[in-house]
1. Helix A:165-176 against the longest principal axis of chain A: what's the angle in degrees, Cα atoms only, rounded to the nearest 10?
2. So what is the calculated 222 nm ellipticity per residue for chain B, using -39500 (n - 2.57) for each DSSP H run with n of 4 or more, over all residues, to the nearest 500 deg cm²/dmol?
3. Over the whole of B:83-91, what's the average partner chain Cβ count within 10 Å per residue? Rounded to a whole number, please.
4. Taking the Cα atoms of the protein assembly as shown alone, what are Rg (to one decimal) and Dmax (as a whole number) in Å?
5. At a 10 Å Cβ-Cβ cut-off, how would you order A:38, A:137, fewest neighbours first?
6. Between residue A:11 and residue A:82, what is the spin-label point distance in nm, taking each point 7 Å from the Cα along the Cα→C-beta axis?
7. Antiparallel as a % of all DSSP beta bridges within the protein assembly as shown, to the nearest 5?
8. Grab the beta carbon distance between residue B:285 and residue B:41, set R0 = 35 Å, and tell me the FRET efficiency rounded to 0.05.
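Throughout, read-outs are computed from the coordinates displayed, never taken from laboratory work. If you're wondering where the values come from, they're calculated on a predicted model, not measured in any experiment. We place every Cβ from the backbone using ideal geometry, glycine too, and count neighbours over all the protein chains shown.
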Amino acid sequence: MNAAGFASLLQGAALTVMLSLIGIVAGVPLGLALALVRWARIPLLSQVVAVYVSVLRATPLVTLALLIFFALPNIGIPVDPIPAAILTLSLNTAAFNCEIWRAALTDFAKPQIEAAKAAGMTPGLAFRRIVFPQIWRTSLPALVNEMTLLIKGSPAIAVLGAVDITRAAVRIGSETYEPLPPFIAATIIYFAIILVFVRAQRTIESYMTRRFGFA
Amino acid sequence: MSLFLLSRRQGLHTLAVLAVGFAPAFAIALAGAASAATLDEIKKRGYMIVATEDDYKPFEFIQDGKPAGLDADLLAALRKKVSFEIKQEIIPWTGLLAGVSTGKYDVALTAALITKERVQSLDFTMPIADATHYYVKRKGDDSIKEIKDLNGKVLGIQAGSGLLQRLPELETILAKTGGKIGKVVEYTSYPEAYQDLALSRTDFVINTVINLQSLVNEKPNVFALGQAVSGPSYPAWAVKKGNGELLALLNDFMADERKTGALAELQKKWFGKSFDNLPVNFTPEF
């Protein structure tokens, strides 16, 4: 593997990070929205979300990517590889994030909500001031865990022609017939990316502990 | 690496194989809904989309970040001949033919083996090379000396490939000496298959003679080329079935490349030898 090969790995890393970040930025709030629909037991919508989560959790990323990439143009929606990849990652992680948020919401202490109601808070205000500030802290470890899983699952989108870290490594290996060096380099790059996420989580948690006395 | 291979073999690989099976099924189910652009439509919109691979050396691979190989050179020549722009999508094999038969790409500009199954949904140009199937083994593996020694050995081969469809031929050859094909391991692409062969997880890998010659030239201390395990086999470019004008345009181009000797030159450059007696029309038996 030469310098050009290493540069292509870094390019792949940029794409992996970019697509994963977009997936996370879209998937975390979307997951919360889905969880709220289920938590509030909105008729019909709640069942739709339950089916969505079941289907998405059961669909492998590769299959989902191919489905989106080949099916959407057939119903008149042209889709390029990168948007298809973003859609794949966002929809997938939203389903898992929904379950993380839902667990936090289900566990949330009912008396607090009743107290908020008694104090005259609207449901929206109670959510913003009472519920959300607590559930995001309890959900943080699970959410970061899901983020790292998403990053590691992202090579699936290579099937669309997007060149992520793993695909870049495959290309180098198939040109040189020496797959070991590019894959070792790829592993180190993944490790570095995941480390940033885990560090960020630790930093936020320790900040919370200092500020509020609990994480 | 071994960790990666493990996870691929147990997880991703299974999924990928599922996806390989899934993609063509999808393509067939939806084939009527979308259609590849005809030559008129291509001229009108001003561009054609071709799909190529990135890990099929020496036909198509990526060298220092740029597409290289026989097909990359042919594509460059084609670009000079046509009046419209050619957009190139570099994608893994898994979704490539499905993408052409669903109309996502206009041409599979890759070394796709002409097979009986594929001619049902695709039209092939005249062949770009001779690709008789050979096997490759680990250098120094004395248990394999000739074809009959392949009896019961573990075979590595690409999933969804034309090579896989012609295994009955090897089966017939082996049956003559009372042998049969052992366990068959399918891979999404050949680099993994070669790696597993080197690691002794498989005993031999079947691919076209061109690909294997390239492999053996590059890694003479690891791999050794065996004998032919199939009759004649030819790779060619493909368009969606019935896209006659586009096929004619590509065939005219290819005939020209043959006549001027340009194709022979490129074959020498990438394969080390030229194939001068390639057929114009090839009707696959398998």
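1. Between helix and principal axis, roughly 10 degrees.
2. Working: 11 runs with 108 residues, N = 286.
After summing the helix terms and dividing by the residues of chain B, the value is -11000 deg cm²/dmol.
3. Details: counts 0, 0, 0, 0, 0, 0, 4, 4, 9.
Counting Cβ atoms of other protein chains within 10 Å of each residue's Cβ and averaging gives 2.
4. Using the Cα atoms of the protein assembly as shown, the pair Rg, Dmax is 26.2, 90 Å.
5. Details: A:38 21, A:137 16.
In order of increasing Cβ crowding within 10 Å: A:137, A:38.
6. Label at residue A:11, label at residue A:82, 1.3 nm between them.
7. Values: 21 of 35 bridges.
Here the antiparallel bridges make up roughly 60 percent for the protein assembly as shown.
8. Values: r = 34 Å, r/R0 = 0.98.
After rounding to 0.05, the efficiency reads 0.55.
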